[in-house]
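These notes concern the structure reproduced below.
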Amino acid sequence: MNSIVIAPSILSLDYSNVSAQLEILKESKAEWLHFDVMDGHFVPNLTFGPDILRGFKKACPLFMDVHLMVEDPETYAPIFIKNGADLVTFHTEALNNDLTRIQKLLDDIHGLGAKGGIVVKPNTAIEPFESVLQSCDLVLIMSVEPGFGGQKFMADMLKKVEWLKEKRETLNLSYRIEIDGGINQDTYRFALNAGCDTLVAGSYVFKNDIAKTIEGMLE
């Protein structure tokens, strides 16, 4: 079994107190930072570019888990890798769920020395992507509609997690299973019990005692 990783989402940072919060994160048991890239087109919100990623990487050298919510991940994945992404995940929907394009982008990400994986929105089934799982270092299941923080957890998405866990075992693969959206003091347990080993947490971490909240999810 993969060890549990908590990936605090910088979307929920207090941007009036960034340095202090990053220092807390560096001393906490968080191993990753989750970096949401939104282009205002694929999702109706606009967030961070590659220069911001480079700044975070310099200030807080945790593993950078970059989630591309953009219309053109084929163009932007290499740019974010160049600027510090350790792992890049992209939405299958952005490539029209085309398995050939998805496989090529995963290969390109690996060729640039980063880890790669796919993401599906709540209304997108995961089963059609079985053939690319062997090329995924991580599969991210959205448990809210991507684009904004603070949404309610969609428990039905745990069926996708359970399917991924079963496929990982039957196909003898090693990808991580990540979930993003609505993680709090209750839902993180549901996610872990279903088979997740990587939890993206935003508001729940940054609106509470950061270090204690992260440690609590690892107990």
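Where only DSSP H runs of four or more residues are counted, the chain gives -10000 deg cm²/dmol as its mean residue ellipticity at 222 nm, each run worth -39500 (n - 2.57). The listed residues Y15, Y175, Y204, once ranked by accessible area (1.4 Å probe) with the largest placed first, stand as Y15, Y204, Y175. Among residues other than G182 with Cβ under 11 Å from its Cβ, the summed charge is -2 (Lys and Arg +1, Asp and Glu -1). The 3J(HN,Hα) values that the Karplus relation (6.51, -1.76, 1.60; θ = phi - 60°) gives for region 84-89 are, in residue order, x, 5, 8, 9, 10, 10 Hz. Gly and Pro appear as x. Amide H contacts of I141 (H built 1.01 Å from N, in plane; Pro and chain starts excluded): E178, I179, D180 sit under 5 Å, all sequence-distant by 5 or more or on other chains.
Of the listed residues T47, T75, T89, T170, the order by accessible area with a 1.4 Å probe, largest first, is T170, T75, T47, T89.
Normalised by the number of residues in region 131-219, the mean separation of alpha-carbon contacts (under 8 Å, six or more apart) gives a relative contact order of 30 percent. Couplings 3J(HN,Hα) of region 177-187, computed from phi: 10, 10, 10, 9, x, x, 6, 8, 5, 9, 6 Hz, in residue order, whole Hz [Karplus 6.51 cos²θ - 1.76 cosθ + 1.60, θ = phi - 60°; x for Gly and Pro].
Summary value for the chain: 22 percent relative contact order, contacts being C-alpha pairs under 8 angstrom separated by 6+ residues. Amide H contacts under 5 Å for C60: none, restricted to partners 5 or more places along the chain or on a different chain, H placed in the peptide plane at 1.01 Å from N. The magnitude of the dipole of region 5-218, with charges of +1 and -1 set on the Cβ of Lys/Arg and Asp/Glu and taken from the Cα centre, is near 320 debye. When I81, I177 are compared by accessible area at a 1.4 angstrom probe, the order from most to least is I81, I177. Is the shape of region 5-218 best called rounded, prolate or oblate, per the rule: a/c under 1.5 gives rounded, else a/b larger than b/c gives prolate, else oblate, with a ≥ b ≥ c the square roots of the Cα gyration tensor eigenvalues? Verdict is oblate for region 5-218. Ligands, DNA and RNA are left out, and with a 1.4 angstrom probe the accessible area of the chain is 45 Å² per residue. Here the simple spin-label model places points 7 Å from the Cα toward Cβ, and for D51 and S16 these points are separated by 2.5 nm.
Computed from phi, the 3J(HN,Hα) profile of region 47-61 under the Karplus parametrisation 6.51, -1.76, 1.60 (θ = phi - 60°) reads 10, 10, x, x, 5, 5, 4, 4, x, 5, 4, 5, 7, 8, x Hz, with x in place of Gly and Pro. Which value, in Å² rounded to 10, gives the accessible area of E74 with a 1.4 Å probe and all protein chains present? Result for E74: roughly 70 Å² accessible.
Spin-label model, F148/D186: points 7 Å from Cα along the beta carbon direction are separated by 2.1 nm.
In this structure, the amide hydrogen of F42, modeled 1.01 Å from its nitrogen in the peptide plane, lies closer than 5 angstrom to those of E71, counting only residues at least 5 positions away or on a different chain.
By accessible area, using a 1.4 Å probe on protein heavy atoms only, the chain has 49% of its surface on carbon and sulfur.
Between L112 and K159, the contour length at 0.36 nm per residue exceeds the alpha carbon distance by 13.7 nm. Restricting attention to region 104-187, the count of lysine pairs at 8 or more positions apart or across chains with alpha carbons under 27 Å apart stands at 17. Modelled this way, with points 7 Å down the Cα-to-C-beta line, the labels at K104 and N193 are 4.4 nm from one another.
The values are calculated or read from the model by the stated rules, or taken from the named source; none is laboratory data. Small disclaimer: the values here were computed from a predicted structure and weren't measured. All Cβ positions, glycine included, derive from the backbone under ideal geometry; neighbour counts span all protein chains shown. The accessibility values were calculated without ligands, DNA or RNA, using every heavy atom of the protein model including side chains. Shrake-Rupley method; radii C 1.70, N 1.55, O 1.52, S 1.80 Å.
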